[in-house]
Amino acid sequence: MIHISETLALQTVEEFLTPDELSQLRKIMDVEQRSTGWTPRFQAEVLPAPAAAQEILGFATERALSAIRRSMPSIGAAAPWGYTELAPGAAVPTHLDGIPAPGTAPRRLGRLGVVLQDAEQGGEFYIETTSGTSVWTGEVVGEAEGFLPGTPLTQRLPHAPSRDTHLHDSEPAWLRAAQRTRWITDAGAGTGVAYGSQVIHGVLPVRAGLLRKFVTHLLDAP
């Protein structure tokens, strides 16, 4: 049974990527972008990582699963990895991924991100906690969906899927109504940051340089 604490967890994996893996991945992405002009079209767009990068990130994920499972024991695997980058002035606005299909396995119980290249200034990942009730839908799930009975579900404000709907800078009323406490991480390049799907989070604006990172969904066993 999936416990609500797993969907609210935060777990770091130091040296998720070794220095050699970071070097390889930077070369892979540099070649990919030089040869194809491949780059996110807009703020916070996530693109599928190339096959060579997927292989390295897959090995790193397998190594890290035991550490991730200490706080999220239901995690069985990760989805294919995506790549994003943020230039000066860009950010990932505060949002909440949520659990879109709690009764259908494999469920998206969390996310995992790792920085490939730190911004010179800004670009820190943050989470927000709140005791406010507005972020919760009032819906609960239980054994039929694979969760402990009475597990509540949050609202959802995920990364939007298309160019016309990608921005969520304007917070919806339910998120704006919640008084929140912000926790900013200093996880540098190579450190994996895993967080539950019901964690409020975002990335601070990049003030200088370029932030490059990989992200994936964390899934339970099918």
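The values are calculated or read from the model by the stated rules, or taken from the named source; none is laboratory data. Everything numeric here is computed off the predicted structure, so don't read it as measured data. Methodologically, a virtual Cβ is constructed for each residue, glycine included, from the backbone with ideal geometry; neighbour enumeration extends over all protein chains shown. All accessible areas refer to the heavy atoms of the entire protein, side chains included, with ligands and DNA or RNA removed. Shrake-Rupley method; radii C 1.70, N 1.55, O 1.52, S 1.80 Å.
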Who wins for biggest fluctuation among 98, 142, 188 in a Gaussian network model of the chain, springs between alpha carbons below 10 Å? 142
Please report how far the C-alpha centroid of the stretch 1-61 lies from that of the stretch 168-222, rounded to the nearest whole angstrom. 15 Å
Where does the charge balance sit around residue 157 when Lys and Arg score +1, Asp and Glu -1, over other residues with C-beta under 9 Å from its C-beta? -1
So how tilted is helix 19-36 from the main axis of the chain? Cα-based, degrees 0 to 90, rounded to 10. 80 degrees
Could you check how much of the accessible area of the stretch 179-222 is carbon and sulfur, as a whole percent, using a 1.4 Å probe? 56 percent
With everything on Cα atoms, drop me the angle between helix 51-71 and the longest principal axis of the chain, reported from 0 to 90° to the nearest 10. 40 degrees
Extension length gain for residue 105 and residue 130 (0.36 nm per residue less Cα distance), in nm, is 6.2 nm
Per residue accessible area of the stretch 1-105, 1.4 Å probe, in Å²: 47 Å²
For the stretch 1-108, which chymotrypsin sites (Phe, Trp or Tyr not before Pro) pass both filters: DSSP loop (anything but H, G, I, E, B) and at most 15 other C-beta atoms within 10 Å? 38, 42
Prolate/oblate/rounded label for the stretch 20-89 (Cα gyration tensor, a/c 1.5): prolate
Could you list which residues have their amide H under 5 Å from that of residue 136, counting only those 5 or more apart in sequence or on another chain, with H placed in the peptide plane? 155
Compare the peptides 125-132, 87-94 by average per-residue count of other Cβ atoms within 10 angstrom and give them in order, highest first. 87-94, 125-132
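Please report, as a whole percent, how much of the solvent-accessible surface of the stretch 45-128 comes from carbon and sulfur atoms (probe radius 1.4 Å). Intermediate values should be presented prior to the final figure.
Values: 1720 of 3130 Å².
Here it works out to 55 percent.
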May I ask you to derive the relative contact order of the chain, considering only C-alpha pairs under 8 Å and at least 6 residues apart, and to give it as an integer percent? 39 percent
Taking r as the C-beta separation of residue 24 and residue 156 and R0 as 30 Å, the FRET efficiency to the nearest 0.05 is 0.30
In the neighborhood of residue 2, defined by Cβ-to-Cβ distances under 10 Å, what is the net charge if each Lys or Arg adds +1 and each Asp or Glu adds -1? -2
